[in-house]
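Chemist: Handing you this structure, nothing more for now.
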Amino acid sequence: MREPVHSFTHEAMTTTFEVIIAGQEHAYARQASAAVFREVERINNLLNKYDAGSDIGQVNLLKADERVRVSIETLECLEKAIWAYHISGGLFDPTIGTGFHELVVDRSTFSVGWKKGGKGEIDLGGIGKGFAIDKAAEILKDWGVDKVVINGGTSTVLARGKEWDLGVGGPWGTKAGFTSVHLKNQALSGSGTEVKGAHIINPKTGKPATRHLAAWAIHPSAATADALSTAFMMMAPEKIKLLCAANPGTVAFVVAPDESLIKIGV
Amino acid sequence: MELNRTQFMQTAAAAGTLLATTKARAVENAKLAAKKNPDQLNIALIGAGAQGRILTESCLKIPGIRFIAICDIWDYSQRYSQRYLKKYGHEVNVYEDYQELIATEKDKLDAVVIASPDWMHAEHANACMNAGLHVYSEKEMSNSLEKAASMVHTAAATGQLLQIGHQRRSNPRYIHAIEKLIHEVGLIGTVTNATAQWNRAKTEDLGWPKKYEMGADTLAKYGYNSMTEFRNWRWYKKYGGGPIVDLGSHQIDLFEWIWGVNPKSVIASGGVDYYPNHEWYDNVMCIYEYDTPDGMARAYYETLTTTGHRGFSEAFRGVNGTIEIAEVPQRGNSALREAHAPDWQPYAEKGLINSVAAPIAKTTTKNVAVDVRVTAEAGAWPLPVELTKPAHQPHLENFFNAIRYGTPLNCPGEKGYETAVAVLAVNRAVASGQRIEFNPSDFHA
Ligand SMILES: NC(=O)c1ccc[n+]([C@@H]2O[C@H](COP(=O)([O-])OP(=O)(O)OC[C@H]3O[C@@H](n4cnc5c(N)ncnc54)[C@H](O)[C@@H]3O)[C@@H](O)[C@H]2O)c1
């Protein structure tokens, strides 16, 4: 018998977040989803680069060789971004080539800033939604809600607690025959040329990423999946293979320019 | 560079930072105010709910602030904050009963931040001040004027500092708009009117995780009738003042700052129109009159909780222009010039405002004539000051600077009381359907 499922939406981070909860009464599911959305707002208030008072807003206003204290969540998110930056050979770059290597993240003083040599301009749009989803999922543990899907707009989705059958949108997925996916305690994130046109800029060239038509990453962490899907758009399939092999739990789907689907780590 | 004490305090208050050259002197001054080590103020939090967490996050960004204890009656709030603070290396003792916290920790503490529901502020704040601790208390001071007045009396009797959480009073954007542009420069001329609103889309009552449901006996022990009332206390008369107090108080507080006088009267309309299970009015509209040195001024305020239209912002309207501002700059951050007003370009050249944004053509379709209305509507002069911190941080910094260096508080208990008198009157005006006239003496606790 199918369990009843309740779904709720909320506008945040310039997209629509959706929470789908199974195995709970409607009223309780709604209250839990409200707690999820409050957490998304909290994270957005830390990471929103358009807000001069947010952590990232403040970091962007710093000059070279300056530091500012930030929240633990901002530290965590930046640490993940740095990991993705290194593992992708600098292709995932929240500063789009303006100086991510100048960033200093100092856990001991809870501060972030820039090295003496220079500074960049951070935009966590390529990881922030996934990060907010991860954090929001932690809140649901308190609520005893384990069977849940948290969807951050059209690009990143986390599925927990049971096997969820999720549709994969977008023309490239359809063309290449990648239209649905089963996820359990995993996140899927997609990047492509369809949603906003070619919106991923290759930090090395400053030009739109065109190596693939679309790329998806699956990983237990939504933040990681979010960052990797961006990186995969620019990485050669052999490099993606190495990355997936070195990081168990990572799966990639890539639509090559000839519209064929490359599956890695499946 | 040697600064005298007043200059130092002004600089420190303005810059929000400690100048290295004056540090030695500052430490000396601080010994007067701070009991222990001014470089490290030990603080406790009472009420670790939504706002308690926001204040905690801001405190953690201020150098030299150390949490040593928290108090909350709900284990869910206790756990969250204890875990959160632990991540920053602050090991705190956790209390359910504030009296136990005070008794055990008072010798180590300098100050307490209070973010419990409104009806508990006075009890918590008075006990802390009587134990020799400075207090930052969230607004509203109380849902009862007697209790609010008792806080002012205790502060006076004990000599402890009492800051009320109307954080716009410490926001450099508001200080620039009100003290610089309106008071000092006279940019918009005599301010004859003000409007402000805080409107929210309809929402459901707050819930709670099942496994953290409080037992009926614990709820009763602390005076809450049910879990629903405990979570949604702001809607019930026993614990809060409803949206006009919860939201309106921040903005109605600004009217006194603009005009330098408290209101002379208020009329209001409102009701329990939409949420039948709530006690307080979900939609309220009111008009205050201010008898200012420059003549009569009026302020319209609305708080609607069934529509989010126009969100939250304030407009101060003078004969030469209007300043539109909001705590979130995207919702308001500019001055609008009346066509007859003197040229504002000289103010822009002095950096007091930014140059007017060029009118943006609405359309490039070639057969559309010049849209006169669009041209006339443009002409918003952006305000140049940014707040590069979370919204509550400067107000907390002002409080800690008051402890450390004797910096004057931006919203001492007396000010918070004046606002409470003005705001709580709205609920009475709605209930009675009568215009309420104030005496100047009403605003003195
Ligand atoms: N300045 C602002 O911008 C702002 C914003 C929101 C709230 N506030 C104010 O902050 C205060 C708290 O509001 P909130 O939204 O965080 O409410 P909340 O219900 O989320 O949190 C209140 C907390 O106080 C605890 N509490 C209740 N009774 C207590 C008692 N007797 N002793 C100890 N703890 C007790 C509750 O368990 C809860 O954790 C209110 O006064 C509110 O007006 C200010």
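The values are calculated or read from the model by the stated rules, or taken from the named source; none is laboratory data. As the structure is a computational prediction, the values presented were derived from the model and not from experiment. All Cβ positions, glycine included, derive from the backbone under ideal geometry; neighbour counts span all protein chains shown. Ligands, DNA and RNA are excluded from the accessible area calculation, which covers all protein heavy atoms including side chains. Shrake-Rupley method; radii C 1.70, N 1.55, O 1.52, S 1.80 Å.
Chemist: How large, in Å, is chain B by the Kirkwood hydrodynamic radius built from its alpha-carbon pairs?
Modeler: Answer for chain B: a Kirkwood hydrodynamic radius of 23.4 Å.
Chemist: I've got another one for you. If you look at just the Cα atoms of the protein assembly as shown, how large are its Rg and its Dmax in Å?
Modeler: Cα radius of gyration and Dmax of the protein assembly as shown are 27.1, 81 Å respectively.
Chemist: Okay, next question. Would you rank A:R42, A:R107 by solvent-accessible area, highest first, keeping every protein chain in place and using a 1.4 Å probe?
Modeler: So the residues, ranked largest to smallest area, are A:R107, A:R42.
Chemist: Next question, about the same structure. Please list B:L352, A:L242 from largest to smallest accessible area, probe radius 1.4 Å, with all protein chains kept in place.
Modeler: A:L242, B:L352
Chemist: Would you pull out the residues with amide H under 5 Å of A:A12's amide H, same chain only if 5 or more places away, H placed 1.01 Å from N?
Modeler: Close amide H contacts, sequence-distant or interchain: A:F17.
Chemist: What percent does the relative contact order of chain A come to when contacts are Cα pairs within less than 8 Å and at least six residues apart?
Modeler: 16 percent
Chemist: OK, next. How big is the charge dipole of the protein assembly as shown about its Cα centre, in debye rounded to the nearest 20, if each Lys and Arg gets +1 on its Cβ and each Asp and Glu gets -1 on its Cβ?
Modeler: 1540 debye
Chemist: In whole Hz, with x marking every Gly and Pro, tabulate ³J(HN,Hα) for segment A:257-266 from phi via Karplus 6.51 cos²θ - 1.76 cosθ + 1.60, θ = phi - 60°.
Modeler: Running phi through 6.51 cos²θ - 1.76 cosθ + 1.60 with θ = phi - 60° gives x, 7, 6, 8, 9, 9, 10, 10, x, 6 Hz.
Chemist: What percentage of the solvent-accessible surface of the protein assembly as shown, computed with a 1.4 Å probe over protein heavy atoms, is contributed by carbon and sulfur atoms?
Modeler: 52 percent
Chemist: Normalise the Cα radius of gyration of segment A:58-121 by 2.2 N^0.38 Å (N = residues in it) and let me know the number.
Modeler: After normalising by residue count via 2.2 N^0.38 Å, the value is 1.02.
Chemist: Please compute the average number of Cβ atoms from other chains found within 10 Å of each residue's Cβ in peptide B:325-333.
Modeler: 1
Chemist: What is the spread of the Cα atoms of segment A:120-266 along each of their three principal axes, largest first, in whole Å?
Modeler: In descending order, the Cα extents are 45, 38, 30 Å.
Chemist: Right, here's the next one. Compute and list, largest first, the equivalent-ellipsoid semi-axes of segment A:1-68 from the alpha carbon gyration tensor, each √(5λ) rounded to a whole angstrom.
Modeler: In descending order, the three semi-axes are 37, 10, 8 Å.
Chemist: Which order do A:L261, A:L61 take when ranked by solvent-accessible area (1.4 Å probe, heavy atoms of all protein chains), largest first?
Modeler: Putting A:L261, A:L61 in descending order of accessible area: A:L61, A:L261.
Chemist: Moving to a separate point now. By DSSP, what percent of the beta bridges with both residues in the protein assembly as shown are antiparallel, rounded to the nearest 5?
Modeler: In the protein assembly as shown, approximately 75 percent of DSSP beta bridges are antiparallel ones.
Chemist: Something else: Quick one: compute a quarter of the convex hull surface over the Cα atoms of segment A:1-139 and quote it in nm².
Modeler: For segment A:1-139, averaging the hull's shadow over all directions gives 9.8 nm².
Chemist: Whole-Hz Karplus ³J(HN,Hα) for segment B:112-128, in order, using 6.51 cos²θ - 1.76 cosθ + 1.60 and θ = phi - 60°, x for Gly and Pro?
Modeler: Going residue by residue, I get 10, 9, 10, 9, 7, x, 3, 5, 9, 3, 5, 4, 5, 5, 4, 4, 5 Hz, with x marking Gly and Pro.
Chemist: Taking every eigenvalue of the Cα gyration tensor of segment B:264-364, multiplying by 5 and rooting it, what semi-axes result, largest first, whole Å?
Modeler: Computed over segment B:264-364, the values are 34, 21, 11 Å.
Chemist: Pull up all non-local amide H partners of B:I353: gap of 5 or more, or a different chain, and H-to-H distance under 5 Å with H placed in the peptide plane.
Modeler: Answer set, sorted by chain and number: B:A348.
Chemist: Taking 30 Å as R0, compute the FRET efficiency from the Cβ-Cβ separation of A:D65 and B:Q40 and round it to 0.05.
Modeler: 0.70
Chemist: Let me ask you something else. Cα centroids of segment B:254-277 and segment B:107-133: how far apart, whole angstrom?
Modeler: 28 Å
Chemist: I've got another one for you. Ignoring everything but the protein chains, give the 1.4 Å probe accessible area of A:M234 in square angstrom, nearest 10.
Modeler: Approximately 10 Å² of A:M234 is accessible to the 1.4 Å probe.
Chemist: Next question, about the same structure. Do the alpha carbons of any pairs in A:K115/A:K207; A:K141/B:K202; A:K147/B:K210 sit beyond 22 Å of each other, and which pairs?
Modeler: A:K115/A:K207; A:K141/B:K202
Chemist: Given the C-alpha centroids of segment B:409-445 and segment B:134-152, what is the distance between them in whole angstrom?
Modeler: Spelled out, the Cα-based centre of one part sits 13 Å from the other.
Chemist: Please report the net charge: other residues with Cβ closer than 11 Å to the Cβ of B:K221, K and R +1, D and E -1.
Modeler: That sum, taken over residues with Cβ under 11 Å, equals -3.
Chemist: Ok, one more. Can you work out ³J(HN,Hα) from phi for every residue in segment A:174-184, in order, using Karplus 6.51 cos²θ - 1.76 cosθ + 1.60 and θ = phi - 60°, giving whole Hz and x for Gly and Pro?
Modeler: Values per residue, Gly and Pro as x: 4, 4, 8, x, 10, 10, 8, 8, 9, 10, 9 Hz.
Chemist: Excluding ligands and nucleic acids, what accessible area in Å² is computed for A:K115 using a 1.4 Å probe, to the nearest 10?
Modeler: Surface accessible to solvent at A:K115 totals approximately 90 Å².
Chemist: Okay, moving on. Would you work out the Kirkwood radius for segment B:80-152? I mean one over the mean of 1/r across all pairs of different Cα atoms, in Å.
Modeler: Evaluated on segment B:80-152, it is 13.1 Å.
Chemist: Could you tell me the convex hull volume per residue, in Å³, taken over the Cα atoms of chain A?
Modeler: 125 Å³
Chemist: For a Förster distance of 56 Å, can you work out the FRET efficiency between the beta-carbons of B:T104 and B:R435, rounded to the nearest 0.05?
Modeler: It comes out at approximately 0.65.
Chemist: Hey, rough spin-label estimate for B:Q330 and A:K184, points 7 angstrom out along Cα→Cβ, what's it come to in nanometres?
Modeler: So the two model labels end up 3.9 nm from each other.
Chemist: Determine which lysines satisfy two conditions relative to B:K147: a Cα distance under 29 Å, and not lying fewer than 8 residues away in the same chain.
Modeler: B:K35, B:K106, B:K108, B:K139, B:K221, B:K237, B:K238, B:K264, B:K415
Chemist: For A:K116, go through the lysines and keep the ones whose alpha-carbon is under 24 Å away, minus same-chain ones fewer than eight residues off.
Modeler: A:K49, A:K63, A:K80, A:K204, B:K61, B:K389
Chemist: Amide H of B:T192: which non-local residues (sequence gap of 5 or more, or other chain) have their own amide H closer than 5 Å, using H built in the peptide plane?
Modeler: Residues meeting the criterion, in which the H sits 1.01 Å from N, are B:R317, B:G318, B:V319.
Chemist: Based on the Cβ-Cβ distance from A:W83 to B:Y274, what FRET efficiency comes out when R0 is 60 Å, to the nearest 0.05?
Modeler: For A:W83 and B:Y274, the calculated efficiency is 0.80.
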